[in-house]
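Here, each number is a calculation from the coordinates, and none is a lab measurement. Every value quoted in this text rests on a predicted model; they were computed, and no experiment measured them. Here the Cβ is made from the backbone with ideal geometry for all residues, glycine too, and neighbour counts use every protein chain on show.
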Amino acid sequence: MKVAFGHMGTLTPIMELILEDLGHQSITPTRPTRQTLARGAKYAPEFACIPFKIVLGTYLEGLERGADTLASGGGYGPCRAGLYGELHRRILKDLGYNFEFIFFWPPLKKPLHFYRQLKKLKGNNSWLKVMRTIKKAYGKLTILDELEMMAQQVRPLEIKKGSTSRAFAEALQIMWKAKTTAEIATAGEEARAILKDVPIDPARPSPLKVGIIGEIYVQLEPFANFYLEEMLGQMGVEVRRSIYLAGYTHHDVLSTKGDKGSRRLAMPYLGQKVGGHGQNSVGDIIRYAKMGYDGVVQLAPFSCIPEIVAKSIVPRLSKEYGIPVLTLFIDEQTGATGVQTRLEAFVDMMAQRRSRDLSLGVLNHKTSFFPRAISKA
């Protein structure tokens, strides 16, 4: 099979590894562009969110490059994203494309359906081969998460602007080429060394710390959030997302309960799941506040109901926990300049708050943590 799929951050090389290991041809997507988004928006329903439109545009590009199969996954529950796979399929069929669509529901939600879809990708391989491939891919994903966290920590301290991003791009390419378990381990060591070699200024004051929360796609796909992590890092801010793919796989894909820590913190304010990451967003604001972070940025597609619900609780959380929260709702009309302007104002405000707290002797920053990862520092 020639399989295309949507682009979402560091998931892309993992999908390529799995497909090629199982004997398929991966029609690996390039990073989305404004043209990708425009093409998706042209055929998408008006109510659809920006992840839907970007992924639809990516599917169109993949089909035009010769893909005969599309692969995707989605949540199961109140969020509309669970319907997007079928809606994508119908739109593309109506446009005249002929393809097979493999859509994965979460394995513990619909195990029989998941098994049947996985069997299509299995081909003539043994189930042992499939399990080994998944285990290998998960190991690679764990290293990629670690590299992202390293880059986020180094970027605000870099001496030469952009050096961390260039180092991370080089590290990512090294990891991308690694195919066997041994190659992945060796590449991981080489990639870590590249990021550790980025020149930093040790005398620079401790950077502001900002947590990134919200819907998974706009968190993980840099194109969708205007490369927000890099923007903040180059403003001297250390960021930490609430979602990293290995942790998400562990807490949300291979479990029916999600991140129990976030849910427990959210319960007094939002006592039930509202779909997507809405309840997690509430809990994650509290988690970042308890860890002494300077602020939180909530990222959400325009019209995303779970994040709108979470946003309605933000003023109360911000007041009770003393942490500023900037919410960015994103659609195809959003511009990078507007996002940057709002981030600059937010960073200035956080810097003033820290300066005030330092003068009052009330600043109490705790150690950074790795939210929703398997190992927590």
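Take each peptide in 205-212, 8-15, 338-345, count the other Cβ atoms within 10 Å of every residue, and average; sorted highest first, the result is 8-15, 205-212, 338-345.
The trypsin sites (Lys or Arg not before Pro) of region 1-97 meeting both criteria, a DSSP state outside H, G, I, E and B (loop) and at most 16 other C-beta atoms within 10 angstrom of the site's C-beta, are Arg65. Taking other Cβ atoms within 10 Å as a rough exposure proxy, Lys136, Lys273, Lys119 sort from fewest to most as Lys119, Lys273, Lys136. Taking the Cα centre of region 2-125 as reference, the dipole from Cβ charges on Lys and Arg (+1) and Asp and Glu (-1) amounts to some 300 debye. Percent of Cα-Cα pairs more than 23 Å apart in region 2-125, please. Considering region 2-125, 27 percent of its Cα-Cα pairs are separated by more than 23 Å. Cross-link reach is defined here as a Cα-Cα straight distance under 18 Å, omitting same-chain residues fewer than 8 places apart; for Lys129 the lysines meeting it are Lys119, Lys120, Lys140, Lys179.
Where both bridge residues fall in the chain, DSSP classifies roughly 5% of the beta bridges as antiparallel. Does region 134-203 come out rounded, prolate or oblate, given a ≥ b ≥ c as the square roots of the eigenvalues of its C-alpha gyration tensor, rounded meaning a/c under 1.5 and, failing that, prolate meaning a/b above b/c? Judged from the Cα gyration tensor, region 134-203 comes out prolate (a/c at least 1.5, a/b above b/c).
If you run the Gaussian network model on the chain, springs between alpha carbon atoms under 10 Å, then out of Glu221, Glu320, Glu146 the most flexible one is Glu320. Here the dipole of the chain is about 1020 debye; that uses its Cα centre as origin and unit charges on the Cβ of Lys and Arg (positive) and Asp and Glu (negative). Shown for Met150, Met291, Met349: other C-beta atoms within 10 Å of each C-beta, ranked fewest to most, produce the order Met349, Met291, Met150.
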